[in-house]
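Quick notes on the structure that follows.
Readers should treat all values here as calculations from the given coordinates under stated rules, not as data from a laboratory. A quick note: this is a predicted structure, and the numbers were derived from the prediction, not measured. Please note: Cβ atoms are built from the backbone with ideal geometry, for glycine as well, and neighbour counts cover all protein chains shown.
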Amino acid sequence: MDKQRRLLLGLMAAAPAMMALPAAAEVGKHTFRISTGDPSSAPGPTGNRKFAELLAKASNGKMTIKTYDSAVLGNDVQMQGMLRGGTMDFALVGASTLGGLVKEFGVIDLPYSFRSAREADAVLDGPMGVKLLDKLQAHGLVGLGFWEIGFRQVTNSKHPVTRLEDFDGLKIRTVQSPVFLEYFNSLGANATPMPINEVYTALETRAIDAQENPPSIISSQKFFEVQKYLSLTGHIYTPYVLLASQKTWSRLNDEERRLIVEAAAQARGFQRTLAREQNVKLLAELRTEMTVNELGPEELARLAEKAKPLREKLASAYGEAFMRDWVAALEAAGAQ
């Protein structure tokens, strides 16, 4: 394990509440940029601002970050390209969109893998999460940890979705992930990949019928204005990944990298707490704006059953050893 990875592995587990560490004398003056696709009020951009605040404090103002949101600098896939090219320093992207670079990231998208946020934290902050982040280095990216988007729910403008058969023919936007596409198509829906910043207009013009996201994103993107029905499927847990450009990273010394990793670990705890609080609060608010449908245990089990063939198919794509380790991590997290 190289020096950089030992640093990341040790500090990713740092307590989110730890005090900001003082900057060492060798810290230079830097101005970075960070971008994400969600609106300013969403938990992701709010976490970015906390990251910038913590890093500025830890470096005595020497290391500052300018924050951008609402995909003004590009969608998730475009931001990854900017990071790899060195024209962006940091980005907060949906983990699902990294599958185009590192296919193993698709394992996070397997439906009904995580039963709680606690289980997700245990797996993604542990050795399997680090193993996934490690794979980004070959693609010019440094993974600084997993943050929270949350458990995804389905909205649509056509009819209540309360059972598997209600997905039949539903044209639904998904993130740009082959796992999402194959899963929703297996339910009988017509899955359509699309960047988040294009979704509202597509829903408004009825180019698509439906989309799926956690309540915080449904609210901040104002999808409730163009969608009538919200179904609590909780089908996939999605994290953000905080990324740094390898080109930016290579220009920093060890002390500067340490401060960034520690600020990212602190911001992660803040952002996850905020996201979870907002998803509860905003779901209550969405109940006043939309018709909310609860799915019973039997229907949720049917939806989970439809994911089994996909899980078996992906085992061969990701490698039996990798999938065995992933399943073992899920089982260990569930047993805690």
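Please enumerate, by chain and number, the lysines with C-alpha under 17 Å from the C-alpha of K281, excluding those fewer than 8 residues away in the same chain.
Within the straight-line limit of under 17 Å, K281 reaches these lysines: K222.
Could you rank the peptides 105-118, 36-49, 59-72 by their average count of other C-beta atoms within 10 Å per residue, with the highest value first?
Per-residue mean Cβ counts within 10 Å order the peptides as 36-49, 105-118, 59-72.
What percentages make up the Cα-Cα pair-distance distribution of segment 246-299 when the bins are 5 Å wide from 0?
4, 15, 12, 12, 12, 10, 8, 8, 7, 8, 4
Apply the a/c threshold of 1.5 to the C-alpha gyration tensor of segment 93-181 and tell me whether it is rounded, prolate or oblate. Could you put the intermediate results ahead of the total?
On the way: a/c = 2.85, a/b = 1.81, b/c = 1.57.
Taking the square roots of the gyration eigenvalues as a ≥ b ≥ c, segment 93-181 is prolate.
Under Stokes-Einstein, with the Kirkwood radius over Cα pairs standing in for Rh, what whole-number D in µm²/s applies to the chain at 4 °C and 1.567 mPa s?
Working: Rh = 20.3 Å.
Here the translational diffusion coefficient equals 64 µm²/s.
How much of the DSSP beta bridge set in the chain is antiparallel, as a percent to the nearest 5?
On the way: 20 of 38 bridges.
Rounded to the nearest five, the antiparallel share is 55 percent.
Amide H neighbours of T174 under 5 Å, counting only residues 5+ apart in sequence or on other chains, H built in-plane at 1.01 Å?
The list, which skips near neighbours in sequence, is T192, M194.
With 32 Å as the limit, write out which pairs from K135/K306; K66/K313; K131/K247 have Cα-Cα distances beyond it, or answer none.
Details: K135/K306 29 Å; K66/K313 42 Å; K131/K247 21 Å.
From K135/K306; K66/K313; K131/K247, over 32 Å: K66/K313.
Hey, what number do you get for the chain at 222 nm if only DSSP H runs of n ≥ 4 count, each worth -39500 (n - 2.57), divided across all residues, to the nearest 500? Walk me through the intermediate numbers first.
On the way: 13 runs with 147 residues, N = 336.
So the helix-based figure for the chain works out to -13500 deg cm²/dmol.
Ranking request for peptides 152-162, 76-86: highest mean number of other beta-carbon atoms within 10 Å first, then the rest in descending order. Walk me through the numbers before you get to the answer.
Working: 152-162: 20.7, 76-86: 19.1.
Those peptides, ordered most packed to least, come out 152-162, 76-86.
At a threshold of 8 angstrom on Cα-Cα distance, excluding pairs fewer than six apart, so keeping six or more, what relative contact order does the chain reach in percent?
Working: 625 pairs, mean separation 89.8, N = 336.
Reported relative contact order: 27 percent.
Could you name the aspartates and glutamates whose alpha carbon sits less than 17 Å from that of K29, not counting residues in the same chain fewer than 8 places away?
K29 reaches E53, D89, D254, E255, E256.
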